Amino acid sequence: MSWTTEQIAAMVEPDRAHRKAYTDPEIFDLEMERIFENTWIYIGHESQVKEPGDYYLAQVGRQPMIMVKDKNGEVQVLYNRCPHRGAQLCTARKGNTGNNFYCSYHAWTFHLDGKLESMPAKQAYEGTNLDFEDPEFHMARPARSDNYRGFWFAKLSEGGPDLRSHLGESASAFDQLIDRAPGKETEVVGSCFRMVQQSNWKIFLENQLDASHPGVTHESTGKSAQQVEAKIRADGKEVPLELSFLSDFARLGHDGWTKFGTIGFPNGHSSLEGYMGLRPDDPDTNEYVRRMYAAYGEEKAEEILAVNIHHMLVYPCNSVQPPLQQLRTIRPLGPDRTLTEIWHFRLKDAPEEIYRRSLAYYYLVNSPSTLVNADDLFNWWKCQHGLESSAREWVSFHRNAGQDIEEGDKTYSAPDTMSEMPLRHMMHAWRDYMTAEKEA
Ligand code: FES
Ligand SMILES: [Fe+2]
């Protein structure tokens, strides 16, 4: 069927959403057009391309993109498509392309800013409509690209808000990834974990702020970690902080998980308050705080460290966990397939042990090989299959519905709840994007 705007709007009610929003191939195509190819989508961090010629591939909606460092040290975002007969110019995920892009099909070459440089038998184009100055013969650019403090985004349509306005308060997640560094800089470490989830992209985003699932889905992991902790204690040794990343899942219990507030921001962004107590009184943390005081002064350093976010969802494509320097980005591949990239960052001039802590979280909680992630992936796969059945038409977001607290342009979950407010908030944003007039 072809979906009308009215039908799409009717898929989202105040406390539920229609299953076809997660399963229908035409809805998926419309999402690509109206959300992913229409709003600001994360490309990558500038530290992925340090030297001229360094490039990294990304995807915006269905469009293959390249982030490259040009000869002037500027980051350029270009479509990965040769203007001659369409070949992709880069196929390795990352690398250094040298002084130019070279198309392996007929050897057209392009400057690092995408301008056509040359081709064999150039004289054959004399007197034709091919004009070296005409952008039609350059590598195409997205309508807009911009960065927020080194985090690069592209927008494939003109109009709409600039990047800073689009991000609004969600930008604080990127601030935190930088400002928590005593050296006031951050950089990605190595490459990322990539995996394909067999489920819709919205199921992933919803899970990130779903406080009611960790105590259930990750209970077995939490209990196992508690047993390991008990054994370490019985041996008279100190329990490493990293184990609490796992044992918290069991320790917090139902009441524990009600303590953490969530906030919905304009444009679909949302946050979950931190719960991990990442400022223990240990020598590494104390040394880190000392370096932060030296860099910023005590008052400013405390202000930075007081920001307590576990997850910031930058709709529709990022989940950022600033206190542990993690960033996940999603690239939807189909209604039931979603590519996730999981990055982590190193804070300049922080003690090595603070970096090791974020690395441990990367391996223990976020990597594709952990039990935590495996249990999540299995649930999302089961949700996708369940939603493909016509047994019921609706997905329920009723928990604490009607109790959300609106203040200015923010929506707060009711206190002491595991409210599904962020899930309702995202689906309402989805409806707004999907039914808006396309930005010209
Ligand atoms: S397709 Fe690129 S040079 Fe022909
Ligand atoms: Fe989970």
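Every number here is computed from the coordinates shown, using simple stated rules; none is lab data. A quick note: this is a predicted structure, and the numbers were derived from the prediction, not measured. Please note: Cβ atoms are built from the backbone with ideal geometry, for glycine as well, and neighbour counts cover all protein chains shown.
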Discussion item. Assuming 0.36 nm per residue, please report the length gained on full extension of the stretch Tyr275 to Glu158 beyond their Cα-Cα distance.
Written reply: 38.2 nm
Practice prompt. Summarise the long-distance tail of P(r) for the chain by giving the % of C-alpha pairs beyond 40 Å.
Written response: 23
Fill in: Vicinal HN-Hα couplings computed from phi for the range 205-210 (Karplus, 6.51 cos²θ - 1.76 cosθ + 1.60; Hz; Gly/Pro x)
4, 4, 5, 4, 10, 9
Worksheet entry | Linear extension gain, Lys382 paired with Lys71, 0.36 nm per residue minus alpha-carbon span | 107.1 nm
Worksheet, complete the sentence: Scoring the chain by relative contact order with C-alpha pairs under 8 Å, at least six apart, yields a percentage of 21
Worksheet item: Got a sec? How would Ser413, Ser170 order by Cβ neighbour count within 10 Å, fewest to most?
Response: Ser170, Ser413
Worksheet entry | Note, ³J(HN,Hα) from phi for the range 49-58, Karplus 6.51, -1.76, 1.60, rounded to Hz, x at Gly and Pro | 10, 8, 9, x, x, 5, 9, 9, 8, 9
Worksheet entry | Simple label model, 7 Å out from Cα along Cβ direction - Val216 to Glu352, nm | 4.4
Response to the item:
To the nearest 10 degrees, the tilt of helix 219-234 (Cα long axis) against the first principal axis of the alpha carbons of the chain is 60
Worksheet item: Taking other Cβ within 10 Å of each residue's Cβ, how do Phe345, Phe249 sort, fewest first?
Response: Phe345, Phe249
Worksheet, complete the sentence: Kirkwood Rh for the range 41-155 from C-alpha pairs, in Å, is 14.4
Discussion item. Give me the one-decimal nm value for the distance between modelled label points at Glu407 and Glu302, 7 Å along each residue's Cα-to-Cβ direction.
Written reply: 2.2
Practice prompt. Return the FRET efficiency for the residue pair Tyr102, Glu126: r is the Cβ-Cβ distance, R0 is 25 Å, and the value is rounded to the nearest 0.05.
Written response: 0.65
Response to the item:
Taking Cα atoms only, helix 283-296 is inclined relative to the longest principal axis of the chain by an angle, in degrees rounded to 10, of 50
Practice prompt. Can you figure out the FRET efficiency of Lys259 with Asp146, using R₀ = 35 Å and their beta-carbon distance, to the nearest 0.05?
Written response: 0.40
Discussion item. Just to confirm the number: angle between the C-alpha axis of helix 241-251 and the first principal axis of the chain, 0 to 90 degrees, nearest 10?
Written reply: 70
Practice prompt. Can you pull the one-decimal nm distance between simple spin-label points at Asp29 and Arg194, each 7 Å off the Cα toward Cβ?
Written response: 2.6
Item to complete: Enter the per residue convex hull volume of the range 312-357, computed from alpha-carbon coordinates, in Å³ rounded to the nearest integer.
Response: 75
